[in-house]
Every structure is written in structure tokens, then in C-alpha cells.
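Single-structure report; data block below.
The values are calculated or read from the model by the stated rules, or taken from the named source; none is laboratory data. Just so it is clear, the model here is predicted, and its values are computed rather than measured. Ideal geometry is used to build each Cβ from the backbone, glycine not excepted, and the neighbour counts take in all protein chains shown.
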Amino acid sequence: MNRVSGRIIKGIGGFYYVETPVGLVTTRGRGNLKKDGDILLVGDFVEVTIISDHEMEGVVEKVLPRANSFVRPPIANVDLMTIVVSGEKPKVNLQLLDRFLCVSESKSIPALICVNKTEASRGIAAFDRLYEIYGNIYPIVAVSGETGKGIDELREKFSGLTVALAGPSGVGKSTILNSLLGREHMEVGSISKKTSRGRHTTRHVELLEIDGFTKNARIFDTPGFTSLDLPDISETDLRTLFPELVEYGKSCRFMDCQHIGEPDCNVLRALDNGDISKSRYDSYRLFYEEIAKRNKF
């Protein structure tokens, strides 16, 4: 039996497909993994024992340490979180966008905002509004999955990285993914007229290689990456998930300033001066109250 290292690139029906130097190996996890509480995730780097060279079958012996992981969807080792919003319908929900950004910050994953459906003037105007809010905090790219606008720029930013696309239903994640892959990989769901949201089309998790000149780039094809719970933190730690609050908070009178109503709060001063977006601060206050309420029980 031969033991090799590799990476899980697909999980479906209890089977995990591991990309290794000797080829793609179909595996299951050994019982001791479940016993130790380990769950196999797409994106995991693992050690595999090949039990059949002819059939390329094996068992996962060990999961290597993860940089980060998610339960829903079940993925690991994300290098870049790309949050997709729409310049048309559905209208951008700033609080949901900020929620995604907070979760990304909590896992120390760099984030990029991708504004899709910018082929028309309304989409470009939406991009400009978002750039005013986020342009000094996060990289933000305007694309059109339909026309291919901005897709090469995304490929360049994804080079060498393992990327997850996240965002509400109906914003065009499937169309963008197809454009990045250079082929019709995903079924593109139709938009419900009632909700202006896309129908779920992806049923399993897979890690795909991006086509074209992008070097060593991978992207997760995931179902259900449409909403996320805030991290399990205290309300006093929430401020660390807003980069601009961290920066302006350095000049507050109190080191433990929560930026709610304390005297000589530099964050509130920056808010009054327009240096911090009101929508971002509103999200902070909303999440602060949500976390405080949750932690009471």
C-alpha cells in the first residue's frame, strides 16, 4: 500500500476525491477520524493510503492543519473570500454584505467585493456607490458575468489562490463561475419574479481549477453560501472585525472604547466628519446589539 499527500477537491455521497501527485484517488475517511471528531472538508490537505492502484481507491488517514474552515458550506483553507453583489436586481443589502465581511475578518481571510451586472449604467452607478463606502477598506471589482467585463481582472486577482464565492441568491455567482472556468460548468438558475432571487442549482461541493492564464488558482463551487451567522464572539470584540473602526479607534481616549457613546471617541468623530460610512457604523451597531442579545442566553 502506498501513502501519499493530496487535497480533497470534491465530496459527494460520503466519498471524497483527493487530488494527489499520482492521480485522483477516491476515498473515505478511516473510522478513527470520526472517533477523533475530524470531519472531512473539501479543500482539506490530507494524507491518503492507496489500497487499490488499479481502481485508484484509498482511505484518508490524516487531515493536516487547516488555515480556516466553514461548516456551511463544508470547505477549508480559503485564501480569498469574494463576496458577490448585484448592480441590478436583487438590490444590494449592505447589512448582509457587512455580515459576510465580518465573518471573513473573523477567520482572517482577505475579502474582495465583486459587483456583478455592471454592463448598464444602473449597475455602474451601484458600483460607484459601493466604492464610496468600501473602496478604502476592501478591493472592489466591477464585472459582468454575461458580457465577460472584468472577468480577466478577477482571474488576475485570483492567481495562485483558493477562492470562495459568497453572496445572496440571484446575484450571478453561477454566471461568474462559468466565465472564470471558460465553460458551462454550472447550471444557471432562473430568477424568481416574486423574490428576484435565483433558484439553488448546486448540489455538492467541489474545488475547481480556473481556466485560462490564471496560475494555480482554485475556486469552490458551493451550494448555500448565501448567508452566514456572525461569529461566536463578545460584543466588545466586534469592533476588531471593522478595519476602519480599528484604525480610527487607535486615537480614542479609552483603549477599550466600544464606539457607542464614550467621551472623546475618535470613531464617532470620524463618523460625524464623514470619514466612516454611516451604513458601516449602522451595521456595527446592529451587530453589536444582536451579539449582546445572543450572549445573554
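Worth a mention:
- Set Ile109, Ile9, Ile51: member being surrounded by fewer than 21 Cβ atoms within 10 Å (Cβ to Cβ), farther than 29 Å from Ile151 by Cα and either out of contact with any Ser or Thr (no Cβ under 6 Å at 6 or more places or on another chain) or free of Cβ contacts under 8 Å to residues at least 60 places away in the same chain (or both): Ile51
- Qualifying residue in segment 195-204 (condition: at pLDDT 85 or above, closer than 30 Å to Ser169 by Cβ and buried (at least 19 other Cβ atoms within 10 Å of the Cβ)): no
- Scanning segment 76-97 for residues that are charged (D, E, K, R) and closer than 25 Å to Val205 by Cβ gives a single hit, Asp79.
- Residue match in segment 78-86 (condition: more than 11 Å from the chain's Cα centre (by Cα) and crowded, with 19+ Cβ neighbours inside 10 Å): yes
- Residue within segment 253-268 that is under 23 Å from Leu130 (Cα atoms) and outside the structural domain of Gly135 (by TED's automatic domain parsing) present: yes
- Scan of segment 252-289 for residues that are assigned to a loop (DSSP other than H, G, I, E, B) and of a type in the set (Val, Ile, Thr), ordered by number: Ile260, Ile276
- Qualifying residues in segment 230-251 (those that are touching a residue at least 24 places away in the same chain (Cβ under 8 Å) and in a loop (DSSP other than H, G, I, E, B)) - the one surrounded by the most Cβ atoms within 10 Å (Cβ to Cβ): Phe242
- Single unsatisfied condition, Phe127 versus (1) at pLDDT 90 or above; (2) touching a Pro at 6+ places or on another chain (Cβ under 7 Å); (3) surrounded by 20 or more Cβ atoms within 10 Å (Cβ to Cβ): (2)
- Only one of Arg155, Arg129 that is in a helix (DSSP H, G or I), of a type in the set (Lys, Arg) and touching an Asp or Glu at 6+ places or on another chain (Cβ under 9 Å): Arg155
- Consider segment 57-73 and keep the residues that are more than 12 Å from the chain's Cα centre (by Cα), at pLDDT 90 or above and in a loop (DSSP other than H, G, I, E, B). The one that is surrounded by the fewest Cβ atoms within 10 Å (Cβ to Cβ) is Pro65.
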